[in-house]
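Worksheet: one structure, shown below.
The values are calculated or read from the model by the stated rules, or taken from the named source; none is laboratory data. No experiment lies behind these values; they were computed from the predicted model shown. All Cβ positions, glycine included, derive from the backbone under ideal geometry; neighbour counts span all protein chains shown. In case anyone asks, the SASA skips ligands and DNA or RNA and just uses the protein heavy atoms, side chains included. Shrake-Rupley method; radii C 1.70, N 1.55, O 1.52, S 1.80 Å.
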Amino acid sequence: MRSNKTDRERMYLNRAGGGLISPSGGLIWHFRALRYRANWADFINGLSEWLQSWGHGADGLLILGASAGWCLRSPFLAGFREIVAVDLDPLAPLIFGRRHGPIIKKAGTSISWIRCDAMQELDRLLKLFPTHSILFCNILGQLVLHTRDLIATEQYLQQLPRKLAGRNWATFHDRLSRKWVPGESVPQHFRKAGITSSLEVARLSRVHGVWEDHLTGEVLPDAVCRHYFAWPITSTRMHIIEAGFVESDSDRIH
């Protein structure tokens, strides 16, 4: 079912500037993805398997922080009848279309774009698309790069499950990150139910050293099973990604 949006709402949501240069997106992100995507293969394969296991039960998908969909596989996207992609980056629709357009078009999937700050406009987006499943696409762990109030940011992330109550939603986000030297131990993939401390995540990932905490440890409800993946963002920086989803149409949470 397609969503009805008034012209006033559409104008409001598209009234956004910037997006080309950002600490976590824009031109720098696209350049990084092109340069290092061969190193991302294991991460993207693992993420793809996880996404395919998400029983979202919806025809529509709202992607928050869509960018060019560098971490997503086209067959997953083609499983929806309608995609609404949200990002500040003005280049995102063009690059996303070149990467995924042919396959999703062949599948009959429609896609529309909203240019805005997905997190600032989250309440309005949830109202505009009440039946869409929601995918936070590597956006929640980036909030620490855009705030001066880490305490408020952490509290906001902790309250997110309450805001999303009754919705089918999934997220993959930075949990820990640090500088990395090729030859160092690569974090191990593992899965674990329940909220896990950052120290425990590092231990189960079998890594050592000082890691930056992205304050996302309580984004997901407690009983959700988290998957943890190694993501070598560049040749000198490693991220540990946490992923989980909530299926609201049943009592199952994964």
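Listed residues Arg203, Arg178; which is within 25 Å of Trp40 (Cβ to Cβ), open to solvent by 80 Å² or more (accessible area, probe 1.4 Å) and not β-branched (Val, Ile, Thr)? It would help to see each step written out before you state the result.
Details: Arg178 fails: open to solvent by 80 Å² or more (accessible area, probe 1.4 Å).
Among Arg203, Arg178, only Arg203 is within 25 Å of Trp40 (Cβ to Cβ), open to solvent by 80 Å² or more (accessible area, probe 1.4 Å) and not β-branched (Val, Ile, Thr).
May I ask you to list the residues in the range 187-200 that are within 16 Å of Ala243 (Cα to Cα), free of Cβ contacts under 8 Å to residues at least 24 places away in the same chain and open to solvent by 60 Å² or more (accessible area, probe 1.4 Å)?
Ser197
For Trp169, all conditions in the list (1) open to solvent by 30 Å² or more (accessible area, probe 1.4 Å); (2) in contact (Cβ under 8 Å) with a residue 40 or more places away in the chain; (3) under 20 Å from Glu82 (Cα atoms) hold save one; what is the number of the exception?
Result: Trp169 passes all but (1).
Would you confirm whether or not the range 13-22 contains a residue that is part of a helix (DSSP H, G or I), touching an Asp or Glu at 6+ places or on another chain (Cβ under 8 Å) and either farther than 18 Å from Ala170 by Cα or at pLDDT 95 or above (or both)? Even if it seems obvious, please write down each step before you answer.
At the first step, the residues of the range 13-22 found to be part of a helix (DSSP H, G or I) are 13.
Adding the requirement that they be touching an Asp or Glu at 6+ places or on another chain (Cβ under 8 Å) leaves 13.
Keeping just the survivors that are either farther than 18 Å from Ala170 by Cα or at pLDDT 95 or above (or both) gives 13.
For the range 13-22, residues part of a helix (DSSP H, G or I), touching an Asp or Glu at 6+ places or on another chain (Cβ under 8 Å) and either farther than 18 Å from Ala170 by Cα or at pLDDT 95 or above (or both): present.
Restricting to the range 146-176, name every residue that is small (Gly, Ala, Ser) and outside any helix (DSSP H, G or I).
So the first thing to find is which residues in the range 146-176 are small (Gly, Ala, Ser), and the list is 152, 165-166, 170.
Within the range 146-176, Ala165, Gly166, Ala170 qualify.
For a quick check of your reading of the model, give me the residue pairs whose first member lies in the range 129-158 and is open to solvent by less than 10 Å² (accessible area, probe 1.4 Å), whose second is assigned to a helix (DSSP H, G or I) and modelled with pLDDT of 95 or more, with beta-carbon atoms closer than 6 Å and at least 6 apart or on different chains.
Matching pairs, first to second residue: none at all.
Give me the pairs, please: first residue somewhere in the range 32-51 and at negative phi, second residue anywhere and at pLDDT below 90, beta-carbon distance under 8 Å, and either six or more positions apart or on two chains.
Within 8 Å, the pairs are Trp40/Ala33.
Just the residues that are more than 21 Å from Ile151 (Cα to Cα) and under 15 Å from the mean Cα position of the chain (by Cα), please, taken from the range 186-229.
Within the range 186-229, Arg226, His227, Tyr228, Phe229 meet the criteria.
So, Gly57, is that one modelled with pLDDT of 95 or more, under 23 Å from Gly166 (Cβ atoms) and part of a loop (DSSP other than H, G, I, E, B) or not? Full working, then the answer.
Numbers: modelled with pLDDT of 95 or more: no; under 23 Å from Gly166 (Cβ atoms): yes; part of a loop (DSSP other than H, G, I, E, B): yes.
The answer is no for Gly57.
Could you list, in sequence order, all residues of the range 187-235 that are in contact with a Phe, Trp or Tyr (Cβ under 6 Å, 6 or more places away or on another chain) and in a loop (DSSP other than H, G, I, E, B)?
His189
Of the residues in the range 34-45, how many are open to solvent by less than 20 Å² (accessible area, probe 1.4 Å) and either of a type in the set (Asp, Glu) or out of contact with any helix residue (DSSP H, G or I) (no Cβ under 9 Å at 6 or more places or on another chain) (or both)?
So the answer is 1.
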